[in-house]
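Only one structure is covered here, and it is reproduced in the block below.
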Amino acid sequence: MVHFRTDIAAKNERAPPQGNDTYAKELDTDVLIVGAGFGGVYLLHRLRDELGLKCKIYEAGSEMGGVWHWNCYPGARVDTQVPIYEFSMEKVYKDWTWEEKYPGYAELRRYFQHVDKVLDIRKDVALDTRVVNAHYDKPSAKWIVKTEDGRTARATYLINAVGFAAKRHFPDWKGLESFKGEMHHSSFWPEEGVDVKGKRVAVIGCGSTGVQIAQETSRQGGTITAFIRTPNLALPMRQGKLTKEEQDNNKKNYPEIMENRMKTFAGFQYDFVEKNTFDDSPEEREKFFEEMFRDGGFRFWLNTYKDMLFDKKANDEAYNFWAKKTRERISDPVKRDILAPLEMPHAFGTKRPSLEQDYYEQLDKPENTVIDVKKNPIREFTEKGIITEDGTLHEFDVIALATGFDSVTGGMKNMGLKDVEGVDLSERWKGGTWSYLGMTCNGFPNMFFLYGAQGPTAFSNGPSCVECQGNWIVEVFKKLQKEDIKYLDCTKEAEEDWRKKVVELADKTLFPNTKSWYFGDNVPGKPRESLNYAGGIPLYEKECHDVLKGGFEGFITA
């Protein structure tokens, strides 16, 4: 068996550059950021280059890029169209050209190399550096941060930019270690790839990752067996090539595009239309749905009628249209009923849809198999493959674990982060999640986080959310400097009020009625709760800035 990786333990395969204090055994800095994805890079640039603060990043991976460093599985690509999925800074986008509307991981890695070249980020990033302990030391008023290889950093401020998918989830299947073939979790896929041509490949899970792996592996000549619990209500991507000329001609519009994306619910280039589903006649509704499908991307999800995610009957109309369009693409009646059942498995859009190119056509091939694990669960793994509940041994050469993540909260709970009393955040959040504004936590002074719990996170375009929250954090730093404030900690009351608001916003929608990672349902024992702010970016941004207008309302300062 090719041993599969289960955690992000830093490999430390190369010596740190000489003369760079970023890798110092004892590091002193104003701001320490954990994570070198979109959030970490954005904040390092703004706090260092605009505010003059000494900033460093600790990154567990061997390169910058966050999720795009870790993800190199077959078909890995973003589900948001460019230029929406990129930084809004002109100095970054003016000399950059994309190859595709929805870039793959290799192109996104090149984009981060370009970002580094323009913003000079890498000199302040310690790669292969995994944080295993962080606590606030009251006497010195510093965060003391320990790394896996024994280094120590002391920072006045700590910012966690670990993202919402930093901790991988592995179901507790019997015999998982006994399989003698090749097995990998999607986010630990080998850089050199896996030769799947002529191989029997199991794909377990059907979130965005499972859809992409199955689709691409089948194209590459592998025989797929897809293990599916709940079908992915995937939408057509409508992928396409981009030319330099059309991008250069459009760049004069980028400032307006970037400004407008922050005015939409999810930070995209479009928003819900200002009418309800039944304001239109059946014929008008059919025509409108057809337009959304034809244009592709998330339009059918986020550019549709404004009541679709709130009203069950309106949602039924969306699902029925989706099922009709999808079922006509699948010739096998058994597969058709698993992948696009007539009976709605859950309200449409209450699980994040994936974007697909030819997923349904690939799985419809006669050599590929689809197993409904609700009816026929996985019983155990063996040397040769997987035994399902009906006693059948399914033999495989390669197993892809697209089993997802301990999403939104898992990353911060997995880094030894302790409050002022020495209590680990994982213990504090054991019975549920508390934060203020989805960016601060009581008992963790001078600490911020972004693209995590109780922010717009999973209900938004990543760069839009990162810049929304990053801009607020920068404004906080400016205010701290201006008013000579050394200590900032939110109150428990502020946390309680924010949690209540997050729950109330979610309860107005259809989301709570669906089991999903949005509510922690994919991880056994995880408290069921709304992990994301469902009020949209414009309302979120207003609420956060109102706090500053009110003079750090909800915070204790000193």
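The values are calculated or read from the model by the stated rules, or taken from the named source; none is laboratory data. As the structure is a computational prediction, the values presented were derived from the model and not from experiment. Note that each Cβ is placed from the backbone with ideal geometry, even for glycine, and that neighbours are counted across all protein chains shown.
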Exercise. Does segment 463-470 include one or more residues that are surrounded by 21 or more Cβ atoms within 10 Å (Cβ to Cβ), in contact with a strand residue (DSSP E or B) (Cβ under 8 Å, 6 or more places away or on another chain) and not assigned by TED's automatic domain parsing to the domain that holds ALA314?
Worked result: no
Seminar exercise, completed: Scanning segment 280-330 residue by residue, those in a helix (DSSP H, G or I) and hydroxyl-bearing (Ser, Thr, Tyr) turn out to be TYR319, THR326
Exercise. If we scan segment 123-131, do we find a residue that is crowded, with 19+ Cβ neighbours inside 10 Å, of a type in the set (D, E, K, R), within 24 Å of CYS468 (Cβ to Cβ) and in contact with a Lys or Arg (Cβ under 7 Å, 6 or more places away or on another chain)?
Worked result: yes
For this session: Pick out the one residue from VAL162, VAL196, VAL201, VAL145 that is surrounded by 17 or more Cβ atoms within 10 Å (Cβ to Cβ), β-branched (Val, Ile, Thr) and under 24 Å from the mean Cα position of the chain (by Cα).
Result: VAL162
Exercise. When the residues of segment 294-328 are filtered to those that are more than 27 Å from the chain's Cα centre (by Cα) and surrounded by 16 or more Cβ atoms within 10 Å (Cβ to Cβ), which remaining residue is nearest to VAL370 (Cα to Cα)?
Worked result: ARG327
Exercise. When segment 227-261 is examined, which residues are found to be of a type in the set (A, V, I, L, M, F, W, C) and under 23 Å from the mean Cα position of the chain (by Cα)?
Worked result: PHE227, ILE228, LEU233, ALA234, LEU235, MET237, ILE257, MET258
Problem set entry | Subset of segment 509-537 (residues that are at pLDDT 85 or above, surrounded by 16 or more Cβ atoms within 10 Å (Cβ to Cβ) and not in a loop (DSSP other than H, G, I, E, B)) | PHE511, PRO512, ILE537
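Yes/no matrix, rows are residues, columns are (1) over 27 Å from GLU107 (Cβ atoms); (2) hydroxyl-bearing (Ser, Thr, Tyr); (3) surrounded by fewer than 24 Cβ atoms within 10 Å (Cβ to Cβ):
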position: ASP30; (1), (2), (3): yes, no, yes
position: ALA36; (1), (2), (3): no, no, no
position: GLY39; (1), (2), (3): no, no, no
position: GLY52; (1), (2), (3): yes, no, yes
position: LYS56; (1), (2), (3): yes, no, no
position: SER62; (1), (2), (3): no, yes, yes
Exercise. Within segment 110-121, is there a residue that is of a type in the set (A, V, I, L, M), buried (at least 18 other Cβ atoms within 10 Å of the Cβ), farther than 27 Å from LEU425 by Cβ and more than 23 Å from the chain's Cα centre (by Cα)?
Worked result: yes
Problem set entry | Qualifying residue in segment 52-62 (condition: part of a helix (DSSP H, G or I), of a type in the set (Ser, Thr, Tyr) and either touching a Phe, Trp or Tyr at 6+ places or on another chain (Cβ under 6 Å) or at pLDDT below 95 (or both)) | no
Exercise. Which of (1) within 30 Å of GLY221 (Cα to Cα); (2) touching a Phe, Trp or Tyr at 6+ places or on another chain (Cβ under 9 Å) is the odd one out, the single condition VAL145 does not satisfy?
Worked result: (1)
For this session: Name every residue in segment 259-298 that is touching a residue at least 60 places away in the same chain (Cβ under 8 Å) and either among the hydrophobic types (A, V, I, L, M, F, W, C) or within 16 Å of LEU355 (Cα to Cα) (or both), in order of residue number.
Result: MET262, PHE265, ALA266, PHE268, GLY296, GLY297, PHE298
Exercise. Is it true that some residue in segment 73-81 is assigned to a loop (DSSP other than H, G, I, E, B), over 28 Å from ASN303 (Cα atoms), among the hydrophobic types (A, V, I, L, M, F, W, C) and in contact with a strand residue (DSSP E or B) (Cβ under 7 Å, 6 or more places away or on another chain)?
Worked result: no
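Just checking, which of LEU417, LEU355, LEU401 is within 30 Å of LYS313 (Cα to Cα), in contact (Cβ under 8 Å) with a residue 24 or more places away in the chain and among the hydrophobic types (A, V, I, L, M, F, W, C)? So that I can check it myself, show each step before the final result.
Numbers: LEU417 fails: within 30 Å of LYS313 (Cα to Cα); LEU401 fails: within 30 Å of LYS313 (Cα to Cα).
When all the criteria are applied, what remains is LEU355.
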For this session: Check whether at least one residue in segment 360-371 is outside any helix (DSSP H, G or I), out of contact with any Lys or Arg (no Cβ under 9 Å at 6 or more places or on another chain) and closer than 25 Å to SER178 by Cα, and report yes or no.
Result: yes
Exercise. How many residues does segment 271-287 contain that are crowded, with 18+ Cβ neighbours inside 10 Å and over 21 Å from PRO345 (Cα atoms)?
Worked result: 3
